[in-house]
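Chemist: Pasting a structure here, questions to come.
The values are calculated or read from the model by the stated rules, or taken from the named source; none is laboratory data. Because the structure is a prediction, the values reported are computed rather than measured. FYI the Cβ positions are ideal-geometry reconstructions off the backbone, even for glycines, and counts take in every protein chain you see.
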Amino acid sequence: MTEPGEIRFNYPSVEGLELEYMTETLVSGHTSASGPFSARARAVLKEETGAHEVLLTTSCTAALELSAMLLDFKPGDTVVVPSFTFTTTALAYVRQGARILFCDIEPATLGLDPTHLETLLDDSVRAVVPVHYAGVACDVGGIRAALADRPDIALIEDNAHGLFGSWRGQPLGSLGRFATLSFHETKNIVCGEGGALLINDSADVDRARVLYDKGTDRQAFFRGQVDKYSWKDVGSSFGLADTLAAYLYGQLEQRKAIQAKRRAVFERYQRLLAPHSSELGFRLPVIPDGVESAYHMFYVLLPDSSTRDRVLELLRAQRIHPTFHYVPLHSSDAGRRFAARETDCPVTVDVSDRLVRLPFHNNLTLDEIDRVVAALLAAVSQSAA
């Protein structure tokens, strides 16, 4: 419950018929995975991304794990991931036996750095997993150029932030062999906990369905392709309950309204803060030409770590709740344990020390945005004095 005068970092909201749809699943008796609302949500996501198949999962983590299972890692195989990301971008591949090569980020979009990527590529690399940080496309062109002579390496988009963003007119999530989505309560489109695996190569569809359905060809049975189903392969129980898919579908119906709200919040922050950035020494998000943001968050890069920590303290004292973001994975205990070899990621370290995410959600009011901006500017000025 939000207290009067408090500005929360995030606040997931009901935007349409989510609750009515959830009730409908309870009345119908189909609350488990692969029900009618799952089919509706999948259809919307296929239309928006152009994927050959969309498999709704219990989380983005689960979708990443399913992509890892589809790659059939062998001893010595490695996967390149940015150090500046959530743990599961790496964890999903470690669980399937791969070692990790941590890549630095480039300073404009805070996405995986193609120049550093080139130095990491060797015969052990099986996949590269870029993240579209904050819903802004990473340097896709640079990554593709780095991988131009390596068609054996799978490109897997961690698109937890990027649904409805685009790169050169192409939807984020359509640019790799696989892509993953998140519907966690902190994302643009939510259902509490949920995710999806987008499959962009038709050759992967049949096996992905088997792994998704506990290693059985159950989906082939329901499609009339076999007269009974049985155990065929490895797999797990990945499916999202239809009750949650009903909430998800209600959100997806409101996707244009949700995205318009989030864009308005982003643009107001940008408009109010930009005139002060040079004077106070902070940097705002960069959206390159040819990129359409998904408007997942708004962050500020402050001059140094001590300023960042002081700003967080001062804003929280005023009941405004910004937050920092990822701690570099390459320097974590598990990162060192599961890395194929040590790598240097100086931009990641620098950004992690200076980044502040401002309160950001669908229904943040104009007055709340103005209050956050005024408090932030005062805090940065005070910290610099």
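Chemist: Of the residues in region 356-366, how many are under 26 Å from Ala108 (Cα atoms) and touching a residue at least 60 places away in the same chain (Cβ under 8 Å)?
Modeler: Within region 356-366, residues that are under 26 Å from Ala108 (Cα atoms) and touching a residue at least 60 places away in the same chain (Cβ under 8 Å) number 6.
Chemist: Also: Only one of Ala160, Ala260 is part of a loop (DSSP other than H, G, I, E, B) and at pLDDT 95 or above; which?
Modeler: Every option except Ala160 fails the conditions.
Chemist: Which one is surrounded by the fewest Cβ atoms within 10 Å (Cβ to Cβ), of the residues in region 173-194 that are in contact with a Ser or Thr (Cβ under 6 Å, 6 or more places away or on another chain) and not acidic (Asp, Glu)?
Modeler: Only one residue fits best here, namely Ser174.
Chemist: If you don't mind, there's one more thing I want to ask. What is the residue count in region 90-115 for residues that are without any contact (Cβ under 8 Å) to a residue 60 or more places away in the chain and within 24 Å of Pro151 (Cβ to Cβ)?
Modeler: 9
Chemist: In region 284-317, what residues are acidic (Asp, Glu) and touching a residue at least 40 places away in the same chain (Cβ under 8 Å)?
Modeler: Answer for region 284-317, where residues must be acidic (Asp, Glu) and touching a residue at least 40 places away in the same chain (Cβ under 8 Å): Glu292, Asp304.
Chemist: Quick one: which of Glu47, Glu106, Glu18 is in contact with a Ser or Thr (Cβ under 8 Å, 6 or more places away or on another chain), over 16 Å from Ala154 (Cα atoms) and among the acidic types (Asp, Glu)?
Modeler: The conditions single out Glu106.
Chemist: Follow-up question, since we're still on this one. Any residue that is of a type outside the set (Gly, Ala, Ser), touching a Phe, Trp or Tyr at 6+ places or on another chain (Cβ under 8 Å), touching a residue at least 24 places away in the same chain (Cβ under 8 Å) and surrounded by 14 or more Cβ atoms within 10 Å (Cβ to Cβ) - is there at least one of those in region 227-236?
Modeler: no
Chemist: In the set Leu376, Leu366, which member is aliphatic (A, V, I, L, M) and surrounded by 21 or more Cβ atoms within 10 Å (Cβ to Cβ)?
Modeler: Residue meeting the stated conditions: Leu376.
Chemist: Right, next: Is one or more of the residues making up region 138-147 in a loop (DSSP other than H, G, I, E, B) and buried (at least 24 other Cβ atoms within 10 Å of the Cβ)?
Modeler: yes
Chemist: Would you say Arg263 is out of contact with any His (no Cβ under 7 Å at 6 or more places or on another chain), of a type in the set (Lys, Arg), in contact (Cβ under 8 Å) with a residue 24 or more places away in the chain and surrounded by fewer than 18 Cβ atoms within 10 Å (Cβ to Cβ)?
Modeler: yes
Chemist: In the list Leu284, Leu312, Leu280, Leu301, which residue meets the criterion of being in contact with a strand residue (DSSP E or B) (Cβ under 6 Å, 6 or more places away or on another chain) and not assigned by TED's automatic domain parsing to the domain that holds Thr109?
Modeler: Leu301
Chemist: Same structure again: Pairs under 7 Å by beta carbon, first residue farther than 21 Å from Tyr133 by Cβ in region 318-331, partner among the small types (Gly, Ala, Ser), six or more apart or different chains?
Modeler: From residues that are farther than 21 Å from Tyr133 by Cβ, the pairs are Gln318/Ala375; Arg319/Gly5; Ile320/Ala375.
Chemist: Suppose the filter is loosely packed, with under 15 Cβ neighbours inside 10 Å, without any contact (Cβ under 8 Å) to a residue 60 or more places away in the chain and farther than 30 Å from Asn362 by Cα; does Arg223 pass it?
Modeler: yes
Chemist: If you don't mind, there's one more thing I want to ask. Consider only pairs whose beta carbons are under 6 Å apart and that are at least six residues apart or on different chains; among these, list those whose first residue lies in region 144-168 and is farther than 24 Å from Ala62 by Cα and in the same structural domain as Thr89 (by TED's automatic domain parsing) and whose second residue is surrounded by 13 or more Cβ atoms within 10 Å (Cβ to Cβ) and among the charged types (D, E, K, R).
Modeler: The qualifying pairs are Ala146/Glu118.
Chemist: A further question follows. Of all residues in region 89-99 being surrounded by fewer than 22 Cβ atoms within 10 Å (Cβ to Cβ) and not charged (D, E, K, R), which is nearest to Lys187 (Cα to Cα)?
Modeler: Within region 89-99, the match that is nearest to Lys187 (Cα to Cα) is Leu91.
Chemist: Here is a follow-up. If you go through region 330-346 one residue at a time, do you hit one that is of a type in the set (S, T, N, Q), assigned to a helix (DSSP H, G or I) and surrounded by fewer than 20 Cβ atoms within 10 Å (Cβ to Cβ)?
Modeler: Yes, that holds for at least one residue.
Chemist: Among the residues of region 195-210, which ones are surrounded by 20 or more Cβ atoms within 10 Å (Cβ to Cβ), closer than 15 Å to Lys46 by Cβ and among the small types (Gly, Ala, Ser)?
Modeler: Selection gives Ala196, Ala208.
Chemist: Also, quick follow-up: Are there any strands (runs of 3 or more DSSP E) wholly within region 15-129 with 3 or more residues that are modelled with pLDDT of 95 or more and more than 27 Å from Pro285 (Cα to Cα), and if so which?
Modeler: Fully inside region 15-129 and qualifying: 53-57, 125-128.
Chemist: Go through Thr61, Thr119, Thr87 for me and flag whichever is closer than 20 Å to Leu329 by Cβ and free of Cβ contacts under 8 Å to residues at least 12 places away in the same chain.
Modeler: None of the other options fit; the residue is Thr119.
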